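Structure first, then comments.
The values are calculated or read from the model by the stated rules, or taken from the named source; none is laboratory data. This structure is a prediction, so every number in the text was calculated from the model and none was measured. A quick note on method: Cβ atoms are made from the backbone with ideal geometry, for glycine too, and the neighbour counts reach across all protein chains shown. Heads up: the accessible areas ignore ligands, DNA and RNA and are worked out on the full protein's heavy atoms, side chains in. Shrake-Rupley method; radii C 1.70, N 1.55, O 1.52, S 1.80 Å.
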Amino acid sequence: MSSGSLMADDAAREILARTRYAATMQDDQSLHGTMTKNGLRTPISLYLRQSDIQFRYEAAGQEKRFHMRLEDDDFSLYQIVGDKVTPFSDAQISEPINGTDFTYEDLSMRFLYWDDASIEGDEKVSGQLCTKLRLINPSQTSGQYRIVYIWVHKKFGSLMKMVGYNAAGKPLKQFQVTDVMQVGKQYTLRKMRVDSISPKTNKATGITYLEFQKEKRKKSRFRR
């Protein structure tokens, strides 16, 4: 590997670290919102506790919980039932949440913790200048994506777009952030649209919207 490639990979990891920081804000925070598909709303809450990101959603009148533990080279998902904590199987990670187009893998954004990253260049997303990164899944069995491309806002470091591909190089899902909000000193997503894509037809087969409540007295920096 050339020294230029090594430098590019280091730069990609620095961008990823900043993006993870923007996504989790690295401080104790709580975000509340909804996932909406075909008019059906699923309440969702994220509790950001540095190395432990907890998720809670409501389905059929019951509260469901899971979390992601962040350790060195480990970003495992665990489901919480009562006082019992058990790891997700590879199959469970890719299951849709309450009939939406979000899987557990999607909502936790596990791909942001893959170490094999490289910079593809700069592109605009919704008029915003972004750095495009290519991420490779370290596992051949965990999760539905083998390669993920992400677009990171060059100024704010927030995730703006993501497209996940299967082993055959076919797109499976696209995420588009349409609005962000400022929480503390960081910018994080406020609204996102996710499209499930058929690898055979390359057409959308389902659309889900994710929206978090806007923090009081905070103004969105940009909006499409």
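Are any of the pairs Lys37/Lys154; Lys37/Lys203; Lys64/Lys173; Lys37/Lys64; Lys161/Lys203; Lys154/Lys203 more than 27 Å apart by Cα-Cα distance, and if so, which? Mind showing how you got there, number by number?
Numbers: Lys37/Lys154 31 Å; Lys37/Lys203 17 Å; Lys64/Lys173 24 Å; Lys37/Lys64 18 Å; Lys161/Lys203 17 Å; Lys154/Lys203 29 Å.
Pairs exceeding 27 Å: Lys37/Lys154; Lys154/Lys203.
If you count only protein heavy atoms with a 1.4 Å probe, what accessible area per residue comes out for segment 49-170, rounded to a whole Å²? Spell out each step's value before the answer.
Details: 5820 Å² over 122 residues.
On a per-residue basis, segment 49-170 sits at 48 Å².
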Subtracting the Cα-Cα distance of Ala11 and Glu95 from 0.36 nm times their residue separation yields 27.0 nm
Extending each Cα 7 Å along its Cβ direction at Glu58 and Thr36, get the distance between those two points in nm, one decimal.
1.6
How much length is gained if the chain between Ser45 and Asp83 is pulled fully straight, taking 0.36 nm per residue apart and subtracting their Cα-Cα distance, in nm to one decimal?
11.8 nm
Using the per-residue mean of other Cβ atoms lying within 10 Å as a proxy for protection, in what order, highest first, do the peptides 14-20, 131-137 fall?
131-137, 14-20
